[in-house]
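Everything on this sheet refers to the single structure shown next.
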Amino acid sequence: MVLRAGHGGRGSSSFRHEPFVPRGGPDGGDGGRGGSVSLRATNQLTDLSLYKRRSRWQAEPGADGAGGRKSGRNGADLLLDVPVGTLVLDIEGGLIADLAHPDATAVVARGGLGGRGNVHFKSSRRQAPDYAEPGLKGDEIAVTLDLKLIADVGLVGAPNAGKSSLLTALTAAHPKVADYPFTTLDPALGVAESAGGRFVIAEIPGLVEGASRGAGLGHRFLRHAERTRVLVYVVDGSGADPWKDLAAVSAEVEGFSPELARRPHIVAVNKLDLEATKGFRKRSRRKGVHFASALTGEGLPELLDAMVAAIASAPEPVRLAPPARVKLPVAAAAGLVVERTAWGFAVRGDRVENLVERTNLDSEGSLERFQAELDRMGVGDALESAGVKPGDTVRVADTEFEYQP
């Protein structure tokens, strides 16, 4: 989506008009600052559906200045709420902000500064400046919002292992439950209550062979597990070879992220209400495996206690802390560069480009000041050294001029 901050308001080119005050002088006020666009993490939202329906957001521009040295009103900032766990990425996939905690806030697009009124340009040589500055443009940036759910426990397993049923039995969540693979296409969250306290459980949709390489939307599913502290591998005890299914899911987690595979984990064999699972339980020789039935509730209290114990001993997952002031990386201030091209001469540099943006090109007085500033920066000398001739085209930023010495 595209976020656009407000432009700064124009400065005023005004003069005092009062009885008995001849030559009252300039009194134009400054333009107001444009509003900025910020994102804030909140637990009140669980998805990004709002931003799928609307792709452009814009803050309010600053108001223009007025006579009597009256400054324009600043534009209102735009604050957009997103779910906790939202990553803000630029168009190249670079991280701008990681909103991993409630109330974490990032300023993504900053409003433009307001232009100065003509009162700022009064001097002993020019006592009646008839020009003011236009406001600067606000930032405009295309971003991608990527939600990674944050939970204490993540339920992972093959399709139809019973993860949705377990989530329903352990929490008040109501994910879709059906007897066919890939019932769940989006992660679901629930809050579990136990004697050890409350914790959040996330159901990660079913993983198939090749999930770590993207098969079966594997990357889309597995990335949510990165924000969990403990993994619970859910196994269908009535399957033909439950341990083979567990090994396949473990391998996909390892292939996606070795660090994720090393986190504390629990193995939960589901569907203990079925005879096939009961038989498998008798044959199993593995220790530390929890057998449970989401349908009857058998074994669930013990599974909850194991989750609480694992959470207590698990380290916090590594998260990227958002910078204090979030901005896209910018290059160091560029010096003056003059480049000869087929159509004329291109002039680049932060100072000269900022000067063009700050200049009202419709005002004769402003153009005179602009020319004087160019000479002070050495632009004229640089152009002449590059071989410019009268009548050649000179382009600064998006503005073209005809060179006249």
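Given a Förster distance of 35 angstrom, what is the FRET efficiency for residue 172 paired with residue 91, based on the Cβ-Cβ distance and rounded to 0.05? E between residue 172 and residue 91, to the nearest 0.05, is 0.35.
Net charge dipole, the stretch 337-402: roughly 200 debye, given to the nearest 20, about the Cα centre with Cβ charges of +1 for Lys and Arg and -1 for Asp and Glu.
Spatially close Lys pairs in the chain, defined by Cα atoms under 18 Å apart and a spacing of eight or more places or different chains, total 13.
Charging the Cβ of each Asp and Glu at -1 and of each Lys and Arg at +1, and nothing else, the dipole of the chain about its Cα centre rounds to 700 debye. Prolate is the label for the stretch 337-402, because the ratio a/c of its alpha-carbon gyration tensor axes (a ≥ b ≥ c) is 1.5 or higher and a/b is greater than b/c. Projecting each Cα onto the charge dipole of the chain (Lys/Arg +1, Asp/Glu -1 at the beta carbon, about the Cα centre), which of 24, 85, 352 comes out farthest on the positive side? It is 85.
Where both residues lie in the chain, what percent of DSSP beta bridges are antiparallel, nearest 5? Around 50 percent antiparallel, to the nearest 5. For the listed peptides 92-99, 113-120, a ranking on the average number of other beta carbons within 10 Å per residue, highest first, reads 113-120, 92-99. Mind sorting out which of (1) 24.3; (2) 28.2; (3) 35.8 is the real mean projected area of the Cα convex hull in nm² computed from the coordinates? Looking at mean projected area of the Cα convex hull in nm² for this model, the match is (2).
Considering only alpha-carbon pairs that sit under 8 angstrom and 6 or more positions apart, the relative contact order computed for the stretch 337-402 is 42 percent. Prolate is the label for the stretch 1-67, because the ratio a/c of its alpha-carbon gyration tensor axes (a ≥ b ≥ c) is 1.5 or higher and a/b is greater than b/c. Multiplying the residue separation of residue 146 and residue 2 by 0.36 nm and removing their Cα-Cα distance gives an extension gain of 50.4 nm.
Whole angstrom only: what separates the Cα centroid of the stretch 122-148 from the Cα centroid of the stretch 358-393? Going from one Cα centre to the other spans 20 Å. Between the amide H of residue 199 and those of 192, distances stay under 5 Å, these residues lying 5 or more places away or on another chain, with hydrogens modeled in the peptide plane.
Between residue 17 and residue 128, the FRET efficiency estimated from the beta carbon spacing at R0 = 22 angstrom works out to 0.95. Scanning residues 5 or more positions from residue 397 or on other chains, those with amide H under 5 Å from its amide H are 347, with H placed 1.01 Å from N in the peptide plane. Most tightly packed first, judged by the mean number of other beta-carbon atoms within 10 Å of their residues, the peptides 227-236, 123-132, 301-310 read 227-236, 301-310, 123-132. Taking every alpha-carbon pair under 8 Å whose residues sit at least 6 apart, the chain reaches a relative contact order of 14 percent. Close amide H contacts of residue 72 (hydrogens built in the peptide plane, cut-off under 5 Å, sequence separation of 5 or more or a different chain): 30, 31, 32, 65, 66.
No lab work stands behind these numbers, since they all come straight from the coordinates. These figures come from a predicted structure and were not determined experimentally. Glycine gets a Cβ as well: all are built from the backbone with ideal geometry, and neighbour counts include every protein chain shown.
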